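Engineer: Pasting a structure below so you can have a look.
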Amino acid sequence: MKTVHVTLTEEMKKKLASSLGFNVEAAFKYVPRAFRENDIPKDLWPVFTLTSKDGIEISELEDSMGEVVLDRSSKVSTMKINTGTQRIQTLEIGIASVTRFPLNDGTLITFDKEKGLLTVGEEERKGATVRDFIRYLSPVLQLELQNAINERKELTPEELAGLE
C-alpha cells in the first residue's frame with residue numbers, strides 16, 4: 001500500500017482537532033492559560049514540555065478513576081472515586097520538563113525528568129522525580145496540565161513564537 005501524506009491548513013487542523021490522530025512520542029510545549037490570557041510578558045512564561053498519553057493509556061486511566069461498590073446485605077451502592085491518584089499518574093507520565101515555573105515568593109523552579117534534576121531557586125536536587133515537582137503545583141494547575149496531556153493541547157504558532 002502506498003503511503004500518502006496530506007497537508008492540512010491551520011484552519012482545517014482547528015476544525016478537525018478532536019478527530020485527528022497524533023504522534024504519541026512527540027513532545028509539545030504548554031504554557032498555563034493564566035500566563036497566556038493575562039498579558040504576562042512571554043519572558044516570564046513557564047514552559048512545560050509535555051508528552052501525551054496514547055489512546056489506550058487515556059482509557060485505562062479513566063477506568064482506574066473510580067469504581068462502584070455494592071453492599072449486597074443493604075443493597076446500597078457507593079461510588080469510590082480516585083481522581084487524585086489518576087491525576088498524579090497522568091502528570092507523572094506527561095511532564096517531561098519545566099522551565100521558569102514561579103512560586104508565589106518569586107523563586108523559579110526548573111525540572112528535567114530525563115536528568116532527574118529539580119532546581120528550586122539556587123538549590124539543585126539530583127535524583128528528583130515528577131512527583132517531587134508536582135508537590136509545587138496547585139490542584140487547579142494540576143487539572144489544567146492533566147487536561148493538556150490527555151487532550152494534547154498544543155499552543156498556537158503565535159504563542160510558541162519566542163519560547164525557549
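Engineer: Just one of the numbered conditions (1) part of a strand (DSSP E or B); (2) closer than 15 Å to SER52 by Cβ; (3) without any contact (Cβ under 8 Å) to a residue 24 or more places away in the chain is not true of ALA96; which one?
Structural biologist: Here ALA96 meets the rest and fails (3).
Engineer: Looking at this structure, is GLU124 in contact with a strand residue (DSSP E or B) (Cβ under 9 Å, 6 or more places away or on another chain) and surrounded by fewer than 17 Cβ atoms within 10 Å (Cβ to Cβ)?
Structural biologist: Values: in contact with a strand residue (DSSP E or B) (Cβ under 9 Å, 6 or more places away or on another chain): yes; surrounded by fewer than 17 Cβ atoms within 10 Å (Cβ to Cβ): yes.
So GLU124 fits the description; yes.
Engineer: Moving on to the next point. Could you list, in sequence order, the residues of the range 10-43 that are at pLDDT 75 or above and not in a helix (DSSP H, G or I)?
Structural biologist: We begin by selecting, within the range 10-43, every residue at pLDDT 75 or above; these are 10-12, 26-43.
Selection gives ALA26, ALA27, PHE28, LYS29, TYR30, VAL31, PRO32, GLU37, ASN38, ASP39, ILE40, PRO41.
Engineer: Which residue is farthest from LYS14 (Cα to Cα), if the candidates are limited to the range 144-159 and must be surrounded by 16 or more Cβ atoms within 10 Å (Cβ to Cβ) and over 9 Å from the mean Cα position of the chain (by Cα)?
Structural biologist: Of all residues in the range 144-159, those surrounded by 16 or more Cβ atoms within 10 Å (Cβ to Cβ) come to 144-146, 148-150, 152-155, 159.
Next, only the ones that are over 9 Å from the mean Cα position of the chain (by Cα) stay: 154-155, 159.
Working: GLU154: 11, LEU155: 12, GLU159: 15 Å.
Of everything passing the filter in the range 144-159, GLU159 is farthest from LYS14 (Cα to Cα).
Engineer: Out of the range 118-143, which residues are over 16 Å from the mean Cα position of the chain (by Cα) and farther than 16 Å from VAL47 by Cβ? Break it down into steps so the answer makes sense when it comes.
Structural biologist: Keep residues of the range 118-143 that are over 16 Å from the mean Cα position of the chain (by Cα), which gives 118-128.
VAL120, GLY121, GLU122, GLU123, GLU124, ARG125, LYS126, GLY127, ALA128 - these are the residues of the range 118-143 that are over 16 Å from the mean Cα position of the chain (by Cα) and farther than 16 Å from VAL47 by Cβ.
Engineer: Among the residues of the range 89-117, which ones are within 15 Å of the chain's Cα centre (by Cα), surrounded by fewer than 17 Cβ atoms within 10 Å (Cβ to Cβ) and of a type outside the set (A, V, I, L, M)?
Structural biologist: If the condition is that a residue be within 15 Å of the chain's Cα centre (by Cα), surrounded by fewer than 17 Cβ atoms within 10 Å (Cβ to Cβ) and of a type outside the set (A, V, I, L, M), then GLU92, ASP112 are the ones that fit.
Engineer: Looking at the structure I just gave you, is ILE58 surrounded by 13 or more Cβ atoms within 10 Å (Cβ to Cβ), at pLDDT below 90 and within 15 Å of the chain's Cα centre (by Cα)?
Structural biologist: Working: surrounded by 13 or more Cβ atoms within 10 Å (Cβ to Cβ): yes; at pLDDT below 90: yes; within 15 Å of the chain's Cα centre (by Cα): yes.
Criteria met by ILE58.
The values are calculated or read from the model by the stated rules, or taken from the named source; none is laboratory data. Predicted, not measured: the structure shown is a model, and the values here were computed from it. A quick note on method: Cβ atoms are made from the backbone with ideal geometry, for glycine too, and the neighbour counts reach across all protein chains shown.
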